[in-house]
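Contents: one structure, followed by commentary.
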Amino acid sequence: MKTMTCKQLGGACDKEFHADSFEEMAELSKKHGMEMFQKGDENHITAMKEMQELMKTPEAMKEWFRDKRKEFDALPEDK
Ligand SMILES: [Zn+2]
């Protein structure tokens, strides 16, 4: 298992996610983002808008994912 924070994944808080794969990690972060969005959390709404802006450019999105995956791969395993 590895740990990444909401902020590390383009979010807005220090909540930690624990996952075995980057796909799982991205999924957890997305779920949390949606939850916070629905709660009307302003910081997360802003972060999500930025992500949506990024998604308009598939190349930029791909690059973002590649960078985050690298970050994930470089992390040490949780003890
Ligand atoms: Zn968050």
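Couple of notes before you dig in:
- Each Lys and Arg Cβ is given +1 and each Asp and Glu Cβ -1; about its Cα centre, the chain then shows a dipole of about 120 debye.
- Per residue accessible area in Å² of the chain, where ligands, DNA and RNA are left out and the probe is 1.4 Å: 71
- Computed [θ] at 222 nm, deg cm²/dmol, the chain (DSSP H ≥ 4; -39,500 (n - 2.57); rounded to nearest 500): -20500 deg cm²/dmol
- Projected-area mean, the stretch 1-68, by convex hull of Cα positions, square nanometres: 4.2
- Overall form of the stretch 30-79 per C-alpha gyration tensor (a/c, 1.5; a/b vs b/c): oblate
- With every protein chain in place, the chain: carbon and sulfur % of accessible area (1.4 Å): 53
- Burial ranking of peptide ranges 53-64, 24-35 (average Cβ count within 10 Å, highest at the top): 24-35, 53-64
The values are calculated or read from the model by the stated rules, or taken from the named source; none is laboratory data. Predicted model only: the values in this text are computed from it and were never measured. Quick reminder, even Gly has a Cβ in these numbers, built from the backbone with ideal geometry, and neighbours come from all protein chains shown. With ligands, DNA and RNA removed, areas are computed over all heavy atoms of the protein, side chains included. Shrake-Rupley method; radii C 1.70, N 1.55, O 1.52, S 1.80 Å.
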